[in-house]
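Reviewing the structure listed below.
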Amino acid sequence: MTCLGNEVERGAAFELAQKTHGNAVVLDEYTAWVAAEIGILEILKSWFGRLLSPSSTIASIDRLINREEEGL
């Protein structure tokens, strides 16, 4: 599904954000990586309370970091 960015979609997103305030959230690999890159992990943590990620996501990110360090 592609986001349209229209008013209805934004309204639904804001409503969902309000409903999830204070609840833990699970970050997939891409979301965790991008959030770290743009420096918003603390903002996400302050909104959701807890940030969770599967160990497979952490392992995959570690592999990406190792490849980058090795110049691959």
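Quick look at the numbers
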| read-out | value |
| --- | --- |
| Over the chain, relative contact order from alpha-carbon pairs under 8 Å, at least 6 apart, % | 33 |
| Karplus-derived HN-Hα couplings along the stretch 17-23 (A = 6.51, B = -1.76, C = 1.60, θ = phi - 60°), whole Hz, x at Gly and Pro | 4, 5, 5, 9, 4, x, 8 |
| 5 angstrom amide H check on Val26, placed H, neighbours 5+ away | Leu52 |
| For the chain, alpha-carbon Rg over 2.2 N^0.38 Å | 1.35 |
| Probe 1.4 Å, accessible area per residue of the chain, Å² | 82 |
| Integer Hz, Karplus 6.51/-1.76/1.60 couplings in order for the stretch 44-49, x for Gly and Pro | 4, 5, 5, 7, 8, x |
| Potential lengthening between Leu16 and Ser53 on full extension [0.36 nm per residue; Cα-Cα distance subtracted] | 11.3 nm |
| Mean ellipticity per residue at 222 nm, deg cm²/dmol - from DSSP H runs of n ≥ 4 across the chain, formula -39500 (n - 2.57) | -20000 deg cm²/dmol |
| Portion, in percent, of the accessible area of the chain that falls on carbon or sulfur, probe 1.4 Å | 59 |
| Under 5 Å, built H, 5+ apart or other chain: amide partners of Gly49 | Gly22 |
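The values are calculated or read from the model by the stated rules, or taken from the named source; none is laboratory data. Owing to the predicted nature of the structure, the values given are computational and were not obtained by experimental measurement. Note: accessible area is taken over every heavy atom of the protein model, side chains too, but ligands, DNA and RNA are not part of it. Shrake-Rupley method; radii C 1.70, N 1.55, O 1.52, S 1.80 Å.
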